[in-house]
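Here's the structure we're looking at; comments come further down.
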Amino acid sequence: MSHRIAIRKTFNKIAVTVVAGLLAGVAAAAPGARFASYTDPYHDKVAAAGYVEKTAQVNRVKLSYAEGPDNGPPLVLLHAQLLDWFSYSRVLPALARRFHVYVIDYPGHGGTVTPPDYPMTASRIGADLADFIDRRIGKPVYISGNSSGGLLALWLAANRPQLVRAALLEDPPLFSAEYPRIRETVAYRAFRTSYTALQDRPADFLLYWIDGNAQFFRTRVAPGTPFILTHAVNAYRKANPGKPVEIGLLRNDTVRMMVRGLDRYDPRFGAAFYDGSWNAGFDHAAALASIACPVLLMQANVSTLPDGTLNGAMSEAEAQRAMALLKTGRFLKVDAEHVVNLDKPALFVDTLERFFLEP
């Protein structure tokens, strides 16, 4: 659901992990060399599993997605905010063995293209995803969404029930993404960067994000941190024009995927969470209560900061409230970070297959 999606132990931990990875590699590399030469090994693994990158014009949106081989029932995957479809790369080869996978860059992310006046709301994005499922897939699907993607999966199950066989909600920000509760979350602090970007209109949001958090990096990590990260991004872009930024010196998969996602992120998406417009016409409680299909609610690690700020997708009480509203819900608490499919890929695959294929 936010910049918090990266690791869920606060933006502080993201920053420390980013810089630790960068500083560890700088001493052993010629300037720019290792920044520019990295290729994630899962590109080849995903391709070998039969996935093909595609686009589809759906209403006013040009959706970017990857489709796997037809080895079973259709499965739609919706990534967390700030990421893109490739963030599922650690689980895509395994899922291709028993499903026909469609992993989508929903509006505001990755290679998907939206018009300048496109409303970044759950209802608009959900309706376009529903039309993609109806027109391109043509049959009911299993759906799994992480964080903001989980909210979109919820919207689809509630509003287009004929298209959804069952849904796995991977650590979604239920209730905590709604006003006024959102003001009490770590995520809300991070959304402000997207909101201010709409006023400042930076030409490069990734570098704007780094610069906007420069003082934090200098005081909490090291004085040269913003320079190092900016240098890494520019070096990679120079050597790999047109490709999403992937910084190999970042040791944490989730943080590296977040930087990749920020490179093609539309801040209008995060700003809509900040000002509350994303949930216009979308009430989480009403949606949960209306769903008829089976739902698995997965909750990852969560904590509360000393000042009472929620450091996670949803509190234990919010997860319990969601379960009380679901007609056919199951609950699973996992010892994992927010992006479970990256932090614990084997656990994610096993859970998904058991829930969808072995009811």
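The set of residues from region 333-343 being more than 15 Å from the chain's Cα centre (by Cα) and either within 16 Å of SER176 (Cβ to Cβ) or surrounded by 15 or more Cβ atoms within 10 Å (Cβ to Cβ) (or both) comprises VAL334, ALA336. For region 68-106, taking the residues that are part of a loop (DSSP other than H, G, I, E, B) and hydroxyl-bearing (Ser, Thr, Tyr), the one that is surrounded by the fewest Cβ atoms within 10 Å (Cβ to Cβ) is identified as SER89.
This table checks each residue for (1) under 21 Å from the mean Cα position of the chain (by Cα); (2) without any contact (Cβ under 8 Å) to a residue 40 or more places away in the chain; (3) in a helix (DSSP H, G or I).
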{"site": "ARG135", "(1), (2), (3)": "no, no, yes"}
{"site": "LYS139", "(1), (2), (3)": "no, no, no"}
{"site": "ILE143", "(1), (2), (3)": "yes, no, no"}
{"site": "LEU151", "(1), (2), (3)": "yes, no, yes"}
{"site": "ALA158", "(1), (2), (3)": "yes, no, yes"}
{"site": "ALA187", "(1), (2), (3)": "yes, no, yes"}
{"site": "ALA197", "(1), (2), (3)": "yes, no, yes"}
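Residues in region 294-314 that are part of a loop (DSSP other than H, G, I, E, B), over 16 Å from the mean Cα position of the chain (by Cα), under 15 Å from ILE182 (Cα atoms) and not aliphatic (A, V, I, L, M): ASP307, GLY308, THR309. Name the pairs whose Cβ atoms lie under 6 Å apart, with the first residue in region 110-130 and in contact (Cβ under 8 Å) with a residue 24 or more places away in the chain and among the small types (Gly, Ala, Ser), the second in a loop (DSSP other than H, G, I, E, B) and buried (at least 20 other Cβ atoms within 10 Å of the Cβ), and 6 or more positions between them or separate chains? Within 6 Å, the pairs are GLY110/ASP84; ALA122/PHE282; SER123/PHE282. What is the one condition in (1) farther than 15 Å from LEU151 by Cβ; (2) assigned to a loop (DSSP other than H, G, I, E, B) that HIS338 does not satisfy? Of everything listed in (1) farther than 15 Å from LEU151 by Cβ; (2) assigned to a loop (DSSP other than H, G, I, E, B), HIS338 misses just condition (1).
For region 239-256, filtering for residues that are farther than 18 Å from VAL91 by Cα and in contact (Cβ under 8 Å) with a residue 24 or more places away in the chain leaves 10. Counting residues in region 107-122 that are modelled with pLDDT of 95 or more, crowded, with 20+ Cβ neighbours inside 10 Å and not in a loop (DSSP other than H, G, I, E, B) gives one or more. Considering only residues in region 301-324 that are aliphatic (A, V, I, L, M) and surrounded by fewer than 17 Cβ atoms within 10 Å (Cβ to Cβ), the one that is nearest to ASP343 (Cα to Cα) turns out to be LEU305.
Looking across region 232-267, just one residue is in a helix (DSSP H, G or I), within 15 Å of the chain's Cα centre (by Cα) and surrounded by fewer than 21 Cβ atoms within 10 Å (Cβ to Cβ), and that is ASP253. Residues of region 124-163 that are closer than 16 Å to LEU63 by Cα and not hydrophobic (A, V, I, L, M, F, W, C): ARG124, GLY126, ASP128, ASP131, ASP134, ARG135, ARG136, GLY149.
The values are calculated or read from the model by the stated rules, or taken from the named source; none is laboratory data. The shown structure was predicted, so the numbers you read here are calculated from the model rather than taken from an experiment. Cβ sites come from the backbone with ideal geometry, for glycine too, and all protein chains shown count toward neighbours.
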